[in-house]
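The values are calculated or read from the model by the stated rules, or taken from the named source; none is laboratory data. Given the structure is predicted, the values throughout are model-derived calculations rather than measurements. FYI the Cβ positions are ideal-geometry reconstructions off the backbone, even for glycines, and counts take in every protein chain you see.
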């Protein structure tokens, strides 16, 4: 399993617009194509106007295949159009779990079904 941490810095005042677009336009597409969502988080202390979301994948190849499917989904362009005006900076980090990490990809996917 790998975990991708995506951090987006948003323009001041745009966090509510961004989160609404994620919830209404993005998540339906992402849950269908990407799976493995661990969660979306908004900064409250430290750098402000940031949203961090975490995704689990089987491998880098699984990530590439799923992101390609997401980009090809007919609902994806509307989501991108809605969030682009909100974005200032984007960063992606891929990590591997430490040997003592107890959560599995199947458990993460089960969270998405609930």
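Data overview
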item	result
Considering residues of segment 1-28 that are under 12 Å from residue 82 (Cβ atoms) and without any contact (Cβ under 8 Å) to a residue 60 or more places away in the chain only, the residue nearest to the chain's Cα centre (by Cα)	26
Subset of segment 32-53 that is touching a residue at least 40 places away in the same chain (Cβ under 8 Å) and surrounded by fewer than 17 Cβ atoms within 10 Å (Cβ to Cβ) - its residue that is nearest to residue 102 (Cα to Cα)	52
Among the candidates 81, 91, residue that is modelled with pLDDT of 95 or more, surrounded by 11 or more Cβ atoms within 10 Å (Cβ to Cβ) and either touching a strand residue (DSSP E or B) at 6+ places or on another chain (Cβ under 7 Å) or on the phi > 0 side of the Ramachandran plot (or both)	91
Filter result (in a loop (DSSP other than H, G, I, E, B), touching a strand residue (DSSP E or B) at 6+ places or on another chain (Cβ under 8 Å) and more than 17 Å from residue 90 (Cβ to Cβ)) within segment 36-62	36, 58, 59
